[in-house]
1. Can you give me the long-range amide H partners of Thr236? Hydrogens built in the peptide plane at 1.01 Å from N, cutoff under 5 Å, separation of 5 or more residues or another chain.
2. Under unit Cβ charges (Lys, Arg +1; Asp, Glu -1), what dipole magnitude, rounded to 20 debye, does segment 85-221 have relative to its Cα centre?
3. Quick check: residue separation of Glu241 and His41 times 0.36 nm, minus the Cα distance between them. What number comes out in nm?
4. Springs between alpha-carbon pairs under 10 angstrom, Gaussian network model over the chain: which of Glu135, Glu59, Glu144 fluctuates most?
5. Count charges around Gln258 for me, please; just the other residues with Cβ under 14 Å from its Cβ, Lys/Arg as +1, Asp/Glu as -1.
6. For the pair Glu127 and Val29, how long in nm is the line joining their label points, each one 7 Å along Cα→Cβ?
7. May I ask you to derive the FRET efficiency for Gln22 and Arg100 from their Cβ-Cβ distance with R0 = 45 Å, giving the value to the nearest 0.05?
8. Give me the number: length gained by fully extending Ser273 to Phe10, i.e. 0.36 nm times residue separation minus the C-alpha to C-alpha distance, one decimal in nm.
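Every read-out reported here was derived from the displayed coordinates using simple, explicitly stated rules and does not represent laboratory data. All values reported here derive from a predicted model rather than from experimental measurement. Here Cβ is always computed from backbone atoms with ideal geometry, including for glycine, and neighbour counts include all displayed protein chains.
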Amino acid sequence: RAKSKGRGQFTRYLAGMDRRAQNRKKLEVSLRGAIAGGEIHLVYQPVIELQSGRVKTVEVLSRWKSPSHGFVSPQLFIPLAEESGLIHQIGQWVLEQSCREAASWNDNISLAVNVSAIQILRPDFPETVLRILEETGLDASRLELELTETVLVQEADLALQTIAKLRKNGIRIILDDFGTGYSSLSYLHAFAFDKIKVDRSFIMNLRKDPEKGGSRADALVRGIVSLGQMLEVPVTAEGIEEEWQAEELRKLGCDYGQGYLFSRPVSIAKLRSIIGMSHGFRSSDPTPARSIA
Ligand code: C2E
Ligand code: MG
Ligand code: MG
Ligand code: MG
């Protein structure tokens, strides 16, 4: 009995694996037609200079609304696009659309685009980016490419060459989600990033009253911010949801902030009204972002 029960469980386990693999395959097939079908669209989230409250950068984020699967998170479809090779097509489309949009903004606002390891390791990537800048009329100095640490570890030499080419042309390279991957201080030095983004998980774990014994996250955020200052690399904190977090980060000397407190990722129309505001996001305002976004 026990044996047949065990076998039954194993069969169910296999069937479950099968189902998951099939679902993944289905999702991949749908993703293949998603761009042509107009199912992918872009949203934009402002990055604020914490001292002045002004929007300095806007990060573009992809959204997929599939007729058969509903809203699929980028945390799911980006890895799928990477595994299937679709990321090149999607990534290029994101760059083209967002650079064209950003070219129409006030010229002191930059655009930040997330780029996958797979994309950057393709030898023609720098040429593709430069061609898109040319075509859309966006100045290279207004483009930031956000990379995560996995790139650096896997193909460090190739990544270094590509990054050097991009930077030589005036494009800035940002280290995204700092602290979650395989960060090593030597990478930080070798790659000479133009900005570091502290991962949201550290901001989430900040504590309200550090006087009463700061948490580990406090120490880490403080450490990353001072590391940035020593290396003269500006630091951005992502995932700021509360005013006290912004205040704490401002006190620590963190340069930029991004999160729901200021604005959620929004449509182009909403973004344009946000960056059209002259006064920016002041902490003295009664949570301005909430009434806007
Ligand atoms: P990321 O680049 O670290 O982007 C920040 C993520 O945090 C976004 O999630 C954003 O919506 C979310 N976020 C921002 N502020 C807050 C906040 O205050 N609270 C909380 N809880 N979340 C906040 P999203 O849009 O789901 O994207 C997830 C990840 O997917 C991105 O992380 C990025 O790595 C990747 N991704 C998104 N779009 C693209 C794309 O076009 N290309 C590539 N290669 N990756 C993309
Ligand atoms: Mg990012
Ligand atoms: Mg990030
Ligand atoms: Mg993140």
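1. Here Ile196, Lys197, Val198, Tyr256 satisfy the definition.
2. Values: 15 positive and 20 negative charges, 66 e Å.
Once rounded to the nearest 20, the dipole reads 320 debye.
3. The Glu241-His41 span can extend by a further 69.6 nm.
4. It is Glu135.
5. Details: positive: Arg54, Lys56, Lys195, Lys197, Arg200, Arg250, Arg264; negative: Glu49, Glu59, Glu144, Glu146, Asp176, Asp177, Asp199, Glu238, Glu241, Glu242, Asp255.
Once positives and negatives cancel, what remains is -4.
6. Each label point lies 7 Å from its Cα, and together they span 3.6 nm.
7. On the way: r = 38 Å, r/R0 = 0.84.
Given R0 = 45 Å and the Cβ-Cβ separation, E is 0.75.
8. Details: separation 263, 0.36 × 263 = 94.68 nm, distance 5.62 nm.
Full extension of this stretch gives 89.1 nm more.
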